[in-house]
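For reference, the structure discussed in these notes is given below.
Values in this text are rule-based calculations from the coordinates and carry no lab data. These numbers come from a predicted model, not from an experiment. With ideal geometry, Cβ positions are generated from the backbone for all residues, glycine too; neighbour counts draw on all protein chains shown.
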Amino acid sequence: MKKVGFLILIVVSVFSAILVIANENGKKEEVPEGMEVLKAGNVRVIVPKGTKIDQKGNLITVEGISAYSARRFLEIEGRFVKTEERLVETKKRLTETKERLAETKGRLAETEGRLAGVEAREEGLREEVEQLKKALEEIYEKDKAQ
């Protein structure tokens, strides 16, 4: 009878251990927005995203809220400074592009003016060529009539 009781005790403990393991594997934990689950050894900690965890041996140290806030503030400030620098550079390039565009428009207007002059001269030359043709035809007709 002692053996049966012992056997039942073993079966119950194994079965309960299996249930606990299955429950942990099937359990989905809700993580609040802006938070993340970090695992350090066998310990899972829910912390704000970007929080640092140090593990030295069995000692697990989570970054304090003031250190986290200061570090995140400095990171954001650094990104802000870089964004301002890029904005200044972009404005400078935009100004240079506007200046080149104005120069190009000026050269285009000048070229259009020259083109209009060339077209006018071309038209004048065509008229002269037509007059010369008529004059040559008249001379040819006079010579032919004589």
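Computed values, structure above
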read-out	value
Contour excess over end-to-end distance, with Cα ends at N42 and T90 and 0.36 nm allotted per residue	12.3 nm
Packing-based order for 98-109, 37-48, using average beta carbon neighbours within 10 Å, highest first	37-48, 98-109
